[in-house]
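Peer 1: Quick one: structure below, then a few questions.
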Amino acid sequence: MNRSFAYSALVLRVRSSGESNREVSFLTAEEGLIRATVFGGPKSKLRAHVAPFHRGTLWVYHDPVRDSRKVTDFDVQSWRPGIRESYERTMAASSLAETVLAAYGGGGNWPGGLLRADRALDALEGAEGETCSRIMVHFLWNWAELLGSRPPLNTCVSCACEAPGDGVLWFHKSEGVLLCPSCAGMPEGAEDDRAGDSAGVLKPLGPGARRWLNIIAGLDPSLLARYSPDPRSFRQAKTLVTGLMAGILGKPLPTWDFW
């Protein structure tokens with residue numbers, strides 16, 4: 001029985017275990033999320049290599065009796081030191097990692113999940129200021145697509161009417177769908193961020209937010225610095241993607257508030 005395995009892996013989270021060991025959560029293309037232990041003190045070369053947001057080839061020894069995994073080697077191909085040089089980058093990258101963990105690595109499409117996370121982290125390494133937030137909106141929007149839960153941006157899910165280019169759709173947070181004003185029971189033309197129903201279930205998605213999301217959906221995240229939405233459109237886009245992912249995960253993640 002083979003007990004040693006190699007993975008294409010991304011380090012998502014590292015936690016202390018005992019006096020000198022570390023418990024590490026990885027996203028792998030082969031098996032999705034796995035946890036393994038890194039043994040060794042602070043001067044261990046392996047411990048320095050297995051750090052958050054590093055990506056490379058991982059070797060793991062699996063003990064079937066104890067059902068435990070031990071990291072035996074990690075060949076880092078992407079170090080991403082720039083993420084740690086900025087608070088905004090670090091918080092966005094941490095939020096990305098927590099999202100991947102909460103979403104079980106993207107269901108069964110682990111290679112697709114690893115690719116999306118990898119590209120977003122590459123873009124974050126050199127991102128400045130508000131671009132970090134754009135990268136996270138892009139990541140969550142495309143992660144919803146990976147999970148098969150991304151709604152169409154131009155039609156009402158209830159009556160199937162097509163929204164005019166300058167029209168507003170309403171995001172139903174409980175259902176994770178977009179509705180036209182008639183089906184949402186909202187007045188035509190209302191777009192203010194504070195508009196909505198008394199329960200806070202309905203949120204507006206104006207034409208600016210819809211256009212921006214349509215533009216960036218197929219972009220590499222490294223290009224997002226070139227595509228700047230107006231502040232209201234960005235707030236609406238963030239409300240949509242975080243509300244959508246909260247519905248998928250069953251709860252919002254606190255780290256979403258930091259970007």
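Peer 1: Going by what's in this entry, would Gly165 be described as farther than 23 Å from Asp230 by Cα, among the small types (Gly, Ala, Ser) and part of a loop (DSSP other than H, G, I, E, B)?
Peer 2: Judged against the criteria, Gly165 is not a match.
Peer 1: OK, next. Free of Cβ contacts under 8 Å to residues at least 40 places away in the same chain and outside the structural domain of Ala127 (by TED's automatic domain parsing): is that true of Ala48 in this structure?
Peer 2: For Ala48, the condition - free of Cβ contacts under 8 Å to residues at least 40 places away in the same chain and outside the structural domain of Ala127 (by TED's automatic domain parsing) - is met.
Table: residues versus (1) closer than 28 Å to Leu146 by Cα; (2) in a loop (DSSP other than H, G, I, E, B); (3) of a type outside the set (Val, Ile, Thr).
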| position | (1), (2), (3) |
| --- | --- |
| Arg13 | yes, no, yes |
| Lys43 | no, yes, yes |
| Leu46 | no, no, yes |
| Gly56 | yes, no, yes |
| Thr72 | no, no, no |
| Gln77 | yes, no, yes |
| Ala93 | yes, no, yes |
| Ala117 | yes, no, yes |
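Peer 1: (1) surrounded by 24 or more Cβ atoms within 10 Å (Cβ to Cβ); (2) of a type in the set (Gly, Ala, Ser); (3) under 16 Å from Ser78 (Cβ atoms): which one isn't true of Gly105, the others all being true?
Peer 2: (3)
Peer 1: Could you list, in sequence order, all residues of the range 139-155 that are part of a loop (DSSP other than H, G, I, E, B), closer than 13 Å to Gly108 by Cα and not small (Gly, Ala, Ser)?
Peer 2: Leu147
Table: residues versus (1) in contact with a helix residue (DSSP H, G or I) (Cβ under 8 Å, 6 or more places away or on another chain); (2) surrounded by 15 or more Cβ atoms within 10 Å (Cβ to Cβ); (3) closer than 26 Å to Gln77 by Cβ; (4) touching a residue at least 60 places away in the same chain (Cβ under 8 Å).
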residue: Val100; (1), (2), (3), (4): yes, yes, yes, yes
residue: Gly112; (1), (2), (3), (4): yes, yes, yes, no
residue: Arg134; (1), (2), (3), (4): yes, yes, yes, yes
residue: Val137; (1), (2), (3), (4): yes, yes, no, yes
residue: Trp141; (1), (2), (3), (4): yes, yes, no, yes
residue: Gly148; (1), (2), (3), (4): no, no, no, no
residue: Cys156; (1), (2), (3), (4): yes, yes, no, no
residue: Ala163; (1), (2), (3), (4): yes, yes, no, no
residue: Asp166; (1), (2), (3), (4): yes, no, no, no
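Peer 1: Of the residues Ala225, Ala127, Ala209, Ala190, which single one is out of contact with any strand residue (DSSP E or B) (no Cβ under 8 Å at 6 or more places or on another chain) and surrounded by fewer than 19 Cβ atoms within 10 Å (Cβ to Cβ)?
Peer 2: So the residue among Ala225, Ala127, Ala209, Ala190 that is out of contact with any strand residue (DSSP E or B) (no Cβ under 8 Å at 6 or more places or on another chain) and surrounded by fewer than 19 Cβ atoms within 10 Å (Cβ to Cβ) is Ala225.
The values are calculated or read from the model by the stated rules, or taken from the named source; none is laboratory data. Keep in mind the model is a prediction, meaning the values are calculated, not measured. Positions of Cβ are backbone-derived with ideal geometry, glycine not excepted, and every protein chain shown enters the neighbour counts.
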